[in-house]
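Asks: Have a look at this one before I ask anything.
The values are calculated or read from the model by the stated rules, or taken from the named source; none is laboratory data. Since the structure is predicted, the reported quantities are computational estimates derived from the model, not experimental observations. Glycine also receives a Cβ, built like all others from the backbone with ideal geometry; neighbour counts cover every protein chain displayed. Note: areas computed on protein heavy atoms with side chains; ligands, DNA, RNA excluded. Shrake-Rupley method; radii C 1.70, N 1.55, O 1.52, S 1.80 Å.
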Amino acid sequence: MSAVVTLRPYTPRYAGATLRRIAQFWGFHAGLVNAQEQADSAAEDLALWTGEDHFLYVIFEDGADAGFLHLVRTGPLVMELADLFVDEERRGRGVATAAIALAEQAARRTPGVQAMTVAAAPRNTAALRLYRRLGYDSLCLVTLRKEFGPNPRDKRCEFLGLSFCI
């Protein structure tokens, strides 16, 4: 029997667990490049993610709080799946897949929205594989980054005949 995954709109009732998960989320991303410093405070992110044109959901698996999903309206036609986090012990069981399907349904119900985008760090291959498997197969934007100090990225990829660090 498969788990039942639901999304509930964020309320302050879930603040403690959500703040902890936001810190874990940024810690994971910092770990992709072996960075020691943490991102801005989780409380600042939570305030932003609950503002205008943002939709923060708590993910539940079989009634238990399991993660978060953050959507952002990026224009009149597009909703972005901006952030997704599932607790480590619940990964690999289809929770993220089900949560994304529910987010897509919510985006489709939003007047004017015709597409959903998602951004993933190139080194986050698990996320890239998941999004590709779920039908995210069109490149619409490419974000380039310039480091102002030493570049900790030790992997390279080729894209349109150009070489980039990832």
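Asks: Among (1) open to solvent by 40 Å² or more (accessible area, probe 1.4 Å); (2) within 30 Å of Glu158 (Cβ to Cβ), which single condition is Ala121 missing?
Replies: Going through (1) open to solvent by 40 Å² or more (accessible area, probe 1.4 Å); (2) within 30 Å of Glu158 (Cβ to Cβ) one by one, Ala121 breaks only (1).
Asks: Can you pull out the residues in region 142-166 that are open to solvent by less than 60 Å² (accessible area, probe 1.4 Å) and free of Cβ contacts under 8 Å to residues at least 12 places away in the same chain?
Replies: If the condition is that a residue be open to solvent by less than 60 Å² (accessible area, probe 1.4 Å) and free of Cβ contacts under 8 Å to residues at least 12 places away in the same chain, then Glu147, Gly149, Ser163 are the ones that fit.
Asks: Among (1) on the phi > 0 side of the Ramachandran plot; (2) open to solvent by 20 Å² or more (accessible area, probe 1.4 Å), which single condition is Gly67 missing?
Replies: Condition not satisfied by Gly67: (2).
Asks: So Arg93 passes all but one of these: (1) within 30 Å of Pro152 (Cα to Cα); (2) at pLDDT below 95. Which condition number does it fail?
Replies: Failing condition for Arg93: (1).
Asks: Filter region 51-79 down to the residues that are part of a loop (DSSP other than H, G, I, E, B), out of contact with any Asp or Glu (no Cβ under 7 Å at 6 or more places or on another chain) and under 20 Å from Arg109 (Cα atoms) and list them by number. It would help to see each step written out before you state the result.
Replies: First, pick out the residues of region 51-79 that are part of a loop (DSSP other than H, G, I, E, B): 51-53, 62-63, 74-77.
Still in the running and out of contact with any Asp or Glu (no Cβ under 7 Å at 6 or more places or on another chain): 51-53, 62-63, 75-77.
Matches in region 51-79: Gly51, Glu52, Asp53, Gly75, Pro76, Leu77.
Asks: Could I ask something else about it? For region 80-94, give me the residue count where each residue is in a loop (DSSP other than H, G, I, E, B) and touching a residue at least 60 places away in the same chain (Cβ under 8 Å). Steps first, please.
Replies: Restricting attention to region 80-94, the residues satisfying the condition of being in a loop (DSSP other than H, G, I, E, B) are 87, 91-94.
When the remaining residues are screened for being touching a residue at least 60 places away in the same chain (Cβ under 8 Å), the result is 87, 93-94.
Residues meeting the conditions: 3.
Asks: Looking only at region 70-79, count every residue that is open to solvent by 40 Å² or more (accessible area, probe 1.4 Å) and closer than 22 Å to Trp26 by Cα and tell me the total.
Replies: 2
Asks: Another question, then. Could you identify the single residue in Ala103, Ala64, Ala107 that is under 25 Å from Arg21 (Cβ atoms) and within 14 Å of the chain's Cα centre (by Cα)? It would help to see each step written out before you state the result.
Replies: Numbers: Ala64 fails: within 14 Å of the chain's Cα centre (by Cα); Ala107 fails: within 14 Å of the chain's Cα centre (by Cα).
The conditions single out Ala103.
Asks: Restricting attention to region 52-70, does a residue exist that is at pLDDT 95 or above and under 30 Å from Arg156 (Cα atoms)?
Replies: yes
Asks: Find the residue count for region 80-94, including only residues that are open to solvent by less than 30 Å² (accessible area, probe 1.4 Å) and either farther than 19 Å from Glu104 by Cα or in contact with a Ser or Thr (Cβ under 6 Å, 6 or more places away or on another chain) (or both).
Replies: Adding up the residues that qualify gives 1.
Asks: I need a count of the residues in region 127-141 that are surrounded by fewer than 11 Cβ atoms within 10 Å (Cβ to Cβ) and closer than 23 Å to Phe25 by Cβ. Break it down into steps so the answer makes sense when it comes.
Replies: The first filter runs over region 127-141 and keeps only residues surrounded by fewer than 11 Cβ atoms within 10 Å (Cβ to Cβ), leaving 133, 135, 137-141.
So of that shortlist, the ones also closer than 23 Å to Phe25 by Cβ come out as 133, 141.
Going through region 127-141 one residue at a time, the tally reaches 2.
Asks: List the pairs whose first member sits in region 15-29 and is farther than 17 Å from Phe55 by Cβ and at pLDDT below 90, whose second member is open to solvent by less than 60 Å² (accessible area, probe 1.4 Å) and not in a helix (DSSP H, G or I), and whose Cβ atoms are under 6 Å apart, counting only residues at least 6 apart or on separate chains?
Replies: The qualifying pairs are Trp26/Ala39.
Asks: With the requirement that a residue be open to solvent by less than 40 Å² (accessible area, probe 1.4 Å) and part of a loop (DSSP other than H, G, I, E, B), what does region 95-111 give you?
Replies: Once the filter is applied, which keeps residues that are open to solvent by less than 40 Å² (accessible area, probe 1.4 Å) and part of a loop (DSSP other than H, G, I, E, B), region 95-111 yields only Thr110.
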